[in-house]
Structure formats: C-alpha cells, structure tokens
C-alpha cells in the first residue's frame, strides 16, 4: 500500500509522514530530499542551472538514496548540505527541469518497489504523478502565517525573519504550482486536511483513519450469504 501525502512547505508533511509510517511499521520517503540531493549534485558539478543537458548528466552520474530518514548522495549523508541556502535557492530550477524530474520520479518509484510497494511517500506530486494509483491520498494545507511560523525552526531558515520566510514560501509555491511538469496541485481523489489549528497527533489520527478505511472491505464487496 502506498500512502501519498502531498502539500506545500510548512504544512507538516515530514512530521506526519514519519509518524504514520512508524505506526504502520513501513518505510517512508521524503521525495523533496531526493530533489535536494539532485541539486547538490548539480551545484557540485559547477554546471549552469540554465544548461538542462549538463544538469541531467550531473544527476545521472550520481547515486541518490534515502535510508532511515537520511538522504545519501553516492553513499554520503548530505542532510546538512542539502538544506543549505544555496540548495534552497537552486532546488526549484533543478526540480522543475522535465528530464531531471523524470529521472528522479523513476528513482522514487524504484525505491518504493524495493519495499514491495509499501511506503508512506511525501511530496508535491505524489498523488497526481508519482503514484496516481496510491491507496490513500492526502493533501495537507495550512494558512500562510502558520506555515511561516513552522518553517522558522528549520535549519535553512534559522537566520530569517517570519516575513522573509513567508516571502520565500510564496516564491516556492509559485514556482512549484506553475512549473512545466508535475505542478503542485491536489489530486482529484485526495482528502484535504487543513492542519492550521490541528496538533500533530490529530492529523496523524485522521490519516490513519483513512488508511484503516481503505483496508476495510466495503459491504458491497462482501460475499453474499448462502
């Protein structure tokens, strides 16, 4: 079973994904970290962000993996580097490149396939593109000021004001929702959950309820009595 959890930055995707995966006893994948790893590879290579062919080559030459909540680039943990300001500024043009994105989507699908198709996967296009047939699809939202406050505790926003964080989130939202491929949007069959006034455990419980409902056979599918 694939549980797809989508939404913009600051809505609680990573926290919810990890808690849900722990309760279900399956692995989770933060797909955003795979794009950040690809961005690290591109920046390390020194190629221009406007050179699509060179960016793709740089990404194809490396091995990106995600193990126990840690993103790896050629076997090296790069969590801190992947959250740097330089990577945050460059991740949108790298992840928005169609060829790079297709390569990373294939990687994400292979990662889940290695786990027999059982994982909680978070991102921005999981329910619409990466796993459109996911058993459970959730789209998390929150009002802008709440999202900005939540991001204030992140490593890459540590020195930024709430106003600056809000402006950066707006920039990222625009880039993600208007990119050429796999734009940020809610899948038609996803359940939207506004996390603005909800605690973590409330949101987790709501997602687990959806999973439980998906695992319970409907009355219409039960065998008829003899």
Exercise for the section: Specify the angular offset, from 0 to 90 degrees and rounded to the nearest 10, of the alpha carbon long axis of helix 98-113 from the longest principal axis of the alpha carbons in the chain. Expected result: 40
Problem - Centre separation in Å (Cα based) which lies between segment 99-156 and segment 5-37 - result: 6
Problem - Residue-averaged 222 nm ellipticity for the chain, from DSSP H runs of 4+ at -39500 (n - 2.57), nearest 500 - result: -15000 deg cm²/dmol
Problem - Span per principal axis, largest first, for the Cα atoms of segment 35-80 (Å) - result: 33, 18, 13
Fill in the blank from the handout: Helix 31-45: inclination vs the chain longest Cα principal axis, degrees, rounded to 10, gives 20
Handout entry: Among 133, 80, 192, residue whose mean-square fluctuation peaks in a GNM of the chain (springs only between Cα atoms under 10 Å)
Key = 80
Problem - Percentage, to the nearest whole number, of Cα pairs in the chain over 21 Å apart - result: 56
Completion exercise
Per 10 angstrom bin, beginning at 0 and ending with the bin that holds the maximum distance, the Cα pairs of segment 59-164 fall in percents of 11, 36, 39, 14, 0
Practice task
For a footprinting-style exposure proxy, rank 103, 174 by other Cβ within 10 Å, fewest first.
Solution key: 174, 103
Completion exercise
In degrees rounded to 10, the 0-90 angle between helix 13-24 Cα long axis and the longest Cα principal axis of the chain is 40
Problem - Long-range Cα-Cα pairs in segment 30-117 (distance over 20 Å), rounded percent - result: 26
Problem - Gained length - residue 18 relative to residue 70, 0.36 nm times residue gap less alpha-carbon distance - result: 17.5 nm
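Counting other beta carbons within 10 Å of each residue's own, what order do 184, 140 fall into, fewest first? Walk me through the intermediate numbers first.
Values: 184 21, 140 25.
Fewest-to-most Cβ neighbours within 10 Å comes out as 184, 140.
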Problem - Label-to-label distance, nm, for residues given as residue 161 and residue 174 (7 Å Cα→Cβ offset) - result: 1.9
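No lab work stands behind these numbers, since they all come straight from the coordinates. Note that the structure is predicted; figures quoted are calculated from it, not measured. Counting neighbours? That spans all protein chains shown, and the Cβs are built from the backbone with ideal geometry, glycine included.
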